[in-house]
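Novice: I'd like to ask some things about the structure below.
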């Protein structure tokens with residue numbers, strides 16, 4: 001075995017380091033992607049510096065990259081994305097996201113240059129990726145087995161592997177499978193083939209347990225493409241090689257079938273039923289995730305139809321989407337991604353940006369097909385190129401349904417795939433060299449540009465560490481962070497949290513709590529422009545002005561917050577509280593439809609309370625709405641009570657209570673005649689309180705007014721049955737007093753069934 005030259009060894013180490021970015025932990029940040037972006041940019045600086053000092057060795061590869069159509073398209077995409085800074089809703093978000101995409105661009109270039117000394121060793125890349133895949137699937141399987149041992153079942157949504165997200169984990173597994181396919185063809189020893197086949201069983205099983213539908217589609221595409229390749233090879237191969245093709249197919253097909261068998265029969269009753277999950281892909285379904293995706297796609301299309309050229313700026317769709325989705329948001333969790341990279345980039349960068357990005361994929365596909373047709377003498381490389389194409393297809397499927405462009409872990413794989421396709425394509429062609437001064441200058445410019453990119457990545461990482469404290473306090477409505485630390489807990493980049501709440505507005509909470517109102521208002525003003533669609537800043541302004549005693553200003557901003565996000569519980573409760581304080585009936589009527597549009601219980605209840613307090617007694621429209629509320633929330637005691645209060649008025653309810661109390665005094669004294677009179681007056685004033693009817697019926701049968709007693713108790717049974725058995729028992733006793741024990745028994749039995757304590761003795765006496 002030949003010893004690797006130093007630069008070869010360093011190249012392999014750097015490639016491995018790139019491919020291991022996904023293993024970087026969160027390092028106390030809210031989201032682990034922050035340290036991963038930072039790690040990628042640090043590695044970019046090291047790699048580009050290494051390439052610059054070894055540029056004479058890598059000169060051919062450098063020329064290839066700088067002349068590549070893929071590089072030109074990708075570079076054009078980066079420039080167009082950077083230009084969006086000048087028209088973006090939040091320019092700071094462009095800075096954050098362009099630093100990331102520029103980092104991916106440099107990573108693609110770096111990998112494409114580093115592979116030069118390894119161009120004839122595709123097995124190197126495949127074994128490295130396979131080793132990483134082994135670690136990833138080991139983490140998933142171990143997690144699943146621990147879950148099974150503790151809980152007795154596997155919760156698919158909880159299987160997160162090394163990524164902390166099941167969809168990312170599933171995709172990270174799926175995109176690496178083609179490299180295992182290649183090794184199955186490449187390796188000769190049976191023990192290695194057995195290991196690879198066993199690994200595929202583990203990966204397929206892991207994917208089935210994770211139950212990510214996008215990864216099902218991506219993996220299905222990969223498996224189908226694998227069989228297409230084998231069909232091509234079978235047709236074009238000599239007879240002696242056909243058995244090998246069948247053997248290689250078996251090494252993939254057997255673990256696939258076996259994994260489905262295990263999932264369906266051994267794990268189906270333990271939460272591992274992936275068949276039903278997969279079937280829901282194409283079915284008409286009410287699945288919230290599918291419904292949401294369709295809504296997101298519709299929102300983007302609506303936006304693109306009015307703004308097809310520029311979009312809203314890189315990384316800004318998560319802000320603009322709130323405007324389209326505002327009637328469906330019930331908190332501050334916003335549609336962060338459109339769940340399609342291609343669609344989202346259209347919304348952020350217009351058709352030009354989306355086409356430039358799609359151009360990279362299209363060019364890679366064209367290059368791959370040309371390579372596959374041109375590489376005739378080298379079967380191993382031919383197969384490897386096809387596997388790269390499969391991997392790219394897998395990425396494209398997921399990118400159409402998810403957002404891998406936001407995840408460093410899978411972008412590393414994508415960058416390597418694209419770099420390899422570009423390299424092999426141009427390695428077969430004569431390339432006009434780039435002038436030395438230009439190539440050196442370009443590399444130096446890249447190094448120079450990496451400095452601010454590294455700064456931004458580090459700033460984002462520091463911010464997400466600080467946000468850990470800010471968001472903990474925000475979610476618990478507490479103020480544990482000392483005031484003297486608030487201003488410096490996070491840097492200025494980014495200016496919104498991971499949930500898109502303006503950071504300055506989150507800081508303002510602490511100053512409001514400390515009654516430093518001017519400082520709080522100043523921070524809120526700075527935060528408003530960072531996300532003008534979330535309206536959290538307006539809510540905070542309203543709270544600040546309430547604390548200052550300026551109710552008119554408080555109501556003004558509360559109204560903006562409420563109509564901005566009407567389904568947000570905080571916005572709704574704050575606004576209706578201020579309407580109540582200011583006795584603004586016009587504002588209440590204006591807000592009615594928004595308050596009740598989603599038939600939220602708390603909103604309906606608060607509306608009825610406030611409306612009853614500020615509207616004239618016996619308002620016919622309010623009474624009608626209160627009765628409608630009862631139909632929406634049947635059997636709800638609070639809504640029924642409010643409806644009665646609104647219809648009858650507090651005075652009648654109070655009078656009914658007075659008559660009832662007087663009736664109880666007469667009843668306890670044995671004066672059932674006057675008790676009946678008082679109870680009858682009570683039910684006339686409040687015909688919704690069943691106890692008035694029960695008491696009146698009881699009093700009437702005791703004085704022999706059986707017919708009237710029956711009418712009164714039937715009113716309870718037929719229209720307002722409290723389901724405690726008492727009313728049925730009273731009716732039974734009336735029948736018994738009338739001498740009809742046979743007619744009484746069915747009602748006694750009902751009372752017994754409902755658990756009325758006195759009914760059991762009567763049943764034993766009259767019904768056995």
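Novice: For residue 88, work out the one condition from (1) assigned by TED's automatic domain parsing to the domain that holds residue 40; (2) in a helix (DSSP H, G or I) it doesn't fulfil.
Specialist: The number of the failed condition is (2).
Novice: OK, next. Restricting to the stretch 306-355, name every residue that is free of Cβ contacts under 8 Å to residues at least 24 places away in the same chain and crowded, with 20+ Cβ neighbours inside 10 Å. Please lay out each step first, then the result.
Specialist: Taking the stretch 306-355 and keeping what is free of Cβ contacts under 8 Å to residues at least 24 places away in the same chain, we get 306, 354-355.
Answer for the stretch 306-355, where residues must be free of Cβ contacts under 8 Å to residues at least 24 places away in the same chain and crowded, with 20+ Cβ neighbours inside 10 Å: just 354.
Novice: Let me ask another. Residue check: is residue 603 free of Cβ contacts under 8 Å to residues at least 60 places away in the same chain, within 29 Å of the chain's Cα centre (by Cα), not assigned by TED's automatic domain parsing to the domain that holds residue 721 and not in a helix (DSSP H, G or I)? Before the answer, list the steps.
Specialist: Numbers: free of Cβ contacts under 8 Å to residues at least 60 places away in the same chain: yes; within 29 Å of the chain's Cα centre (by Cα): yes; not assigned by TED's automatic domain parsing to the domain that holds residue 721: yes; not in a helix (DSSP H, G or I): no.
When the stated conditions are applied, residue 603 does not pass them.
Novice: State which residue pairs qualify: first residue farther than 22 Å from residue 569 by Cα and inside the stretch 607-629, second residue part of a loop (DSSP other than H, G, I, E, B) in any location, beta carbons under 7 Å apart, and separation of 6 or more residues or different chains.
Specialist: Partner pairs satisfying both residue conditions: 617/649; 618/649; 622/615.
Novice: On the basis of being in contact with a helix residue (DSSP H, G or I) (Cβ under 9 Å, 6 or more places away or on another chain), more than 27 Å from residue 29 (Cα to Cα) and surrounded by fewer than 24 Cβ atoms within 10 Å (Cβ to Cβ), does residue 203 make the cut? Before you say what the answer is, go through the steps one by one.
Specialist: Values: in contact with a helix residue (DSSP H, G or I) (Cβ under 9 Å, 6 or more places away or on another chain): yes; more than 27 Å from residue 29 (Cα to Cα): yes; surrounded by fewer than 24 Cβ atoms within 10 Å (Cβ to Cβ): no.
Judged against the criteria, residue 203 is not a match.
Novice: Would you please name the residue that is modelled with the highest pLDDT, looking only at residues in the stretch 222-269 that are surrounded by 17 or more Cβ atoms within 10 Å (Cβ to Cβ) and more than 13 Å from residue 181 (Cβ to Cβ)?
Specialist: In this case the residue turns out to be 259.
Novice: Can I ask one more? Based on this model, can you work out whether residue 558 counts as crowded, with 16+ Cβ neighbours inside 10 Å, touching a helix residue (DSSP H, G or I) at 6+ places or on another chain (Cβ under 7 Å) and modelled with pLDDT of 95 or more?
Specialist: On the way: crowded, with 16+ Cβ neighbours inside 10 Å: yes; touching a helix residue (DSSP H, G or I) at 6+ places or on another chain (Cβ under 7 Å): yes; modelled with pLDDT of 95 or more: yes.
Yes.
Novice: Is there a residue in the stretch 31-42 that is more than 30 Å from the chain's Cα centre (by Cα) and in a loop (DSSP other than H, G, I, E, B)?
Specialist: no
Novice: For residue 57, indicate whether it is outside any helix (DSSP H, G or I) and either surrounded by fewer than 17 Cβ atoms within 10 Å (Cβ to Cβ) or assigned by TED's automatic domain parsing to the domain that holds residue 312 (or both). Lay out the reasoning, then the answer.
Specialist: On the way: outside any helix (DSSP H, G or I): yes; either surrounded by fewer than 17 Cβ atoms within 10 Å (Cβ to Cβ) or assigned by TED's automatic domain parsing to the domain that holds residue 312 (or both): yes.
So residue 57 fits the description; yes.
Novice: Show the residue pairs that are 6+ apart or on different chains and have beta-carbon atoms under 8 Å apart, the first residue being within the stretch 43-59 and touching a residue at least 40 places away in the same chain (Cβ under 8 Å) and on the phi < 0 side of the Ramachandran plot, the second being surrounded by 16 or more Cβ atoms within 10 Å (Cβ to Cβ) and not in a helix (DSSP H, G or I).
Specialist: The qualifying pairs are 51/58.
Novice: Within the set of pairs 6+ apart or on separate chains, which have a first residue in the stretch 174-191 that is over 11 Å from residue 252 (Cβ atoms), a second that is assigned to a loop (DSSP other than H, G, I, E, B), and C-beta atoms under 9 Å apart?
Specialist: Qualifying pairs under 9 Å: 174/212.
Novice: Output the number of residues of the stretch 281-305 satisfying the condition of being surrounded by 14 or more Cβ atoms within 10 Å (Cβ to Cβ) and either modelled with pLDDT of 85 or more or more than 16 Å from the chain's Cα centre (by Cα) (or both).
Specialist: Residues flagged as surrounded by 14 or more Cβ atoms within 10 Å (Cβ to Cβ) and either modelled with pLDDT of 85 or more or more than 16 Å from the chain's Cα centre (by Cα) (or both) within the stretch 281-305 amount to 5.
Novice: Check 372, 361, 386 and return the single one that is under 20 Å from residue 123 (Cα atoms) and free of Cβ contacts under 8 Å to residues at least 40 places away in the same chain. Please lay out each step first, then the result.
Specialist: Values: 361 fails: under 20 Å from residue 123 (Cα atoms); 386 fails: free of Cβ contacts under 8 Å to residues at least 40 places away in the same chain.
Within the list 372, 361, 386, the selection yields 372.
Novice: Another question about this same structure. Report whether or not residue 386 is surrounded by 22 or more Cβ atoms within 10 Å (Cβ to Cβ) and more than 29 Å from residue 36 (Cα to Cα). Before the answer, list the steps.
Specialist: On the way: surrounded by 22 or more Cβ atoms within 10 Å (Cβ to Cβ): yes; more than 29 Å from residue 36 (Cα to Cα): yes.
Against the criterion (surrounded by 22 or more Cβ atoms within 10 Å (Cβ to Cβ) and more than 29 Å from residue 36 (Cα to Cα)), residue 386 qualifies.
Novice: Please determine, by comparing only the residues of the stretch 628-637 that are surrounded by fewer than 18 Cβ atoms within 10 Å (Cβ to Cβ) and touching a helix residue (DSSP H, G or I) at 6+ places or on another chain (Cβ under 6 Å), which one is farthest from residue 600 (Cα to Cα). Before you say what the answer is, go through the steps one by one.
Specialist: Restricting attention to the stretch 628-637, the residues satisfying the condition of being surrounded by fewer than 18 Cβ atoms within 10 Å (Cβ to Cβ) are 628, 630-637.
Now drop any that are not touching a helix residue (DSSP H, G or I) at 6+ places or on another chain (Cβ under 6 Å), which leaves 630, 633.
Numbers: 630: 13, 633: 10 Å.
So the residue we want is 630.
Novice: Select from the stretch 709-748 the residues that are surrounded by fewer than 17 Cβ atoms within 10 Å (Cβ to Cβ) and part of a helix (DSSP H, G or I) and list them in ascending order.
Specialist: Matches in the stretch 709-748: 711, 714, 718, 719, 737, 741, 742, 743, 746.
Novice: Starting from the stretch 645-656, keep only residues that are over 16 Å from residue 619 (Cβ atoms), then list their pairs with residues that are assigned to a helix (DSSP H, G or I) and modelled with pLDDT of 80 or more whose Cβ atoms are within a distance under 7 Å, requiring at least 6 positions of separation or different chains.
Specialist: What qualifies is 653/645; 655/685; 656/682; 656/685; 656/692.
The values are calculated or read from the model by the stated rules, or taken from the named source; none is laboratory data. These figures come from a predicted structure and were not determined experimentally. Here Cβ is always computed from backbone atoms with ideal geometry, including for glycine, and neighbour counts include all displayed protein chains.
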